[in-house]
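Right, one structure below, let's go through it.
The values are calculated or read from the model by the stated rules, or taken from the named source; none is laboratory data. From a predicted model like this one, the values you see are computed outputs, not experimental measurements. Neighbour counts run over all protein chains shown; Cβ positions are idealised from the backbone, glycine included.
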Amino acid sequence: MSRNFSNLLFVLAILIFITACVCRSDRNSEPPPQPPANSQTKANQATKTTPENPDKKKDEGDFIVEHLEVANQRYAEIDRQVKDEKLLEKAADKLNRALIMPKDLYLRTKDCNDVNAYYNSDEESVTVCYELMEHFFKTFKSAGDSDDKAYDKMFAAVQFVFLHEIGHALIDYYKLPITANEEDAADRCSAYINLEELGDEGVKAVLAAADAFAIESKQGTHTDRQLADEHLLQEQRFYNSLCMTYGSNPDKYSSFVTEGYLPKDRAVRCPGEYQRTVDSWKNLLEPWRKD
């Protein structure tokens, strides 16, 4: 289990690389976070200065860690590891050095009594639930993966989701313009950060998420509620994730097409899709990046 906890530490530590994201804020399905009891921890703050560049925004907030009490004791050990390693504190410190914030944002991992990850605008927080991690593990196991492989892919998929949810906060905080489906933009944002900033580990995260989308798409028929939801269908999220990966390096990922995973008529458009995503987020986030 120590290796698996080390994987979790790596997954959350990738937050230090965040440079761009976009997503929607609240969701009806998210559980209301409980008020912490003397558990608020403010990370070491980067010195706040007025940027010389007039286009830069004023830095008036921080990423802050909140440790909430665990209700379900089966998650107690993983929660202890996160706290003892000061993992979120280290990630928050790096984020504070990288991004200008108009107000504080709280980072949490906790048990939620729900398979979920969410940004809550009222609480100004991003939370990834331990139940979601467990769900990913069971999903990969159901497809025949060994325990070790399922654990590895679980943590990689969590990396994709955490970046997606950070984006929910940034689009709200920065008031970034979105002209299409916001949940799709969130997936593309996470894929962009993973593929542009995190190298092979980032590719692993995008493909693990794509694998989860593919497995989940085969586990049931679509209901009217699912079709009406703002999220794309899991099948669409699968192909979009492959398209972003392929578009980032068509030569390297040519097997996606030759082995039939990505249709040729979609693949030919993927490099353009990917480059437009890269260019858009670089421009949108420029005023909020610290020098």
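Working only within the stretch 82-123, note down all residues that are at positive phi and touching a residue at least 40 places away in the same chain (Cβ under 8 Å).
Keep residues of the stretch 82-123 that are at positive phi, which gives 86, 113.
Within the stretch 82-123, ASN113 is the sole residue that qualifies.
Name the single residue that is modelled with the highest pLDDT among those in the stretch 173-188 being out of contact with any Phe, Trp or Tyr (no Cβ under 7 Å at 6 or more places or on another chain) and part of a helix (DSSP H, G or I).
As a first pass, look at the stretch 173-188 and keep what is out of contact with any Phe, Trp or Tyr (no Cβ under 7 Å at 6 or more places or on another chain): 173, 175-188.
From what's left, part of a helix (DSSP H, G or I): 173, 182-188.
Working: TYR173: 94, GLU182: 82, GLU183: 89, ASP184: 86, ALA185: 82, ALA186: 83, ASP187: 86, ARG188: 85.
This residue is TYR173.
Of the residues that sit in the stretch 131-181 and are touching a Ser or Thr at 6+ places or on another chain (Cβ under 7 Å) and surrounded by 21 or more Cβ atoms within 10 Å (Cβ to Cβ), which one is farthest from LEU87 (Cα to Cα)? Spell out how you get there, then give the answer.
Here is the first cut: in the stretch 131-181, the residues touching a Ser or Thr at 6+ places or on another chain (Cβ under 7 Å) are 160, 163-164, 167-168, 172.
Of the ones still in play, those that are also surrounded by 21 or more Cβ atoms within 10 Å (Cβ to Cβ) are 160, 163-164, 167-168.
Details: PHE160: 17, LEU163: 16, HIS164: 19, GLY167: 20, HIS168: 21 Å.
Looking at the filtered set, the residue picked out is HIS168.
Restrict the check to the stretch 147-164 and report whether at least one residue is modelled with pLDDT of 85 or more and touching a His at 6+ places or on another chain (Cβ under 7 Å).
no
Only residues that are in contact with a Ser or Thr (Cβ under 8 Å, 6 or more places away or on another chain) and either under 25 Å from LYS153 (Cα atoms) or not in a helix (DSSP H, G or I) (or both): list them for the stretch 80-98, please. First the steps, then the outcome.
Keep residues of the stretch 80-98 that are in contact with a Ser or Thr (Cβ under 8 Å, 6 or more places away or on another chain), which gives 82, 88-89, 98.
Result: VAL82, LEU88, GLU89.
Restricting to the stretch 97-120, and then to whatever is at pLDDT 95 or above and surrounded by fewer than 18 Cβ atoms within 10 Å (Cβ to Cβ), can you tell me which residue is farthest from VAL65 (Cα to Cα)?
Here the residue is PRO102.
Considering every residue within the stretch 143-165, establish whether at least one is of a type in the set (S, T, N, Q), in a helix (DSSP H, G or I) and either more than 14 Å from the chain's Cα centre (by Cα) or over 26 Å from ALA71 (Cα atoms) (or both).
Here is the first cut: in the stretch 143-165, the residues of a type in the set (S, T, N, Q) are 146, 159.
Filter once more, keeping what is in a helix (DSSP H, G or I): 159.
Remaining after also requiring either more than 14 Å from the chain's Cα centre (by Cα) or over 26 Å from ALA71 (Cα atoms) (or both): none.
No, the stretch 143-165 has no match at all.
For ILE171, indicate whether it is over 22 Å from ARG269 (Cα atoms), β-branched (Val, Ile, Thr) and in contact (Cβ under 8 Å) with a residue 40 or more places away in the chain. If you could, list the steps in order and put the result at the bottom.
Numbers: over 22 Å from ARG269 (Cα atoms): yes; β-branched (Val, Ile, Thr): yes; in contact (Cβ under 8 Å) with a residue 40 or more places away in the chain: yes.
Yes, satisfied.
If you scan the stretch 177-204, which residues turn out to be out of contact with any Gly (no Cβ under 9 Å at 6 or more places or on another chain), touching a residue at least 60 places away in the same chain (Cβ under 8 Å) and hydrophobic (A, V, I, L, M, F, W, C)?
Residues satisfying the conditions are ILE178, LEU198.
Just name the residue that is farthest from TYR173 (Cα to Cα) out of those in the stretch 104-124 that are of a type in the set (S, T, N, Q) and not in a strand (DSSP E or B).
Within the stretch 104-124, the first condition is being of a type in the set (S, T, N, Q), and the residues that meet it are 109, 113, 116, 120-121.
If we keep only those that are not in a strand (DSSP E or B) as well, we get 113, 116, 121.
Values: ASN113: 27, ASN116: 21, SER121: 9 Å.
Top of the filtered list is ASN113.
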